[in-house]
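Asks: Below you will find the structure I want to go over with you.
The values are calculated or read from the model by the stated rules, or taken from the named source; none is laboratory data. These figures come from a predicted structure and were not determined experimentally. Glycine also receives a Cβ, built like all others from the backbone with ideal geometry; neighbour counts cover every protein chain displayed. What goes into the accessible areas is simple: the full protein's heavy atoms, side chains included, and nothing from ligands, DNA or RNA. Shrake-Rupley method; radii C 1.70, N 1.55, O 1.52, S 1.80 Å.
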Amino acid sequence: YKAVLDTIDDDSVKSKLEQVLSDHQRHAAELADRIAGLGGKPVESAGIGGWVAKAGMRVHGWFQDDPRGVLRQVYDGEDQGIAAASSIAERELDGESRALIERIINEDRSHLGDLEAAIASQTGDVAH
């Protein structure tokens, strides 16, 4: 999201993306706290999936100056993140962990609506 923010000129879209970034940072901290509370050791990186997504966004930026296209990539990444979290939620989790994951998924789903509006604001079209 930080790399994407530099490609967006629209202040209202930037504000929405900053809120999504803030929510993701809060979600990561909440998940790390939950993992530590269960005796685990949280991972501090996005892993290979995050690295690939970040690299894809950078490559996209080199070849295309298209805020709508960048926002569509962000939308797709958010959608894939929801699918991954939903897969985790289907596993055997204790009640507190399941409630945390489900709350995060619901918040992330609201991000999709914000991203659709942001895409539409760049084109006047209906997004995705």
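Asks: Could you tally the net charge around L31, taking each other residue with its Cβ under 15 Å from the Cβ of L31, Lys/Arg +1 and Asp/Glu -1?
Replies: -3
Asks: Ignoring everything but the protein chains, give the 1.4 Å probe accessible area of R109 in square angstrom, nearest 10.
Replies: Its accessible surface works out to 120 Å², give or take rounding.
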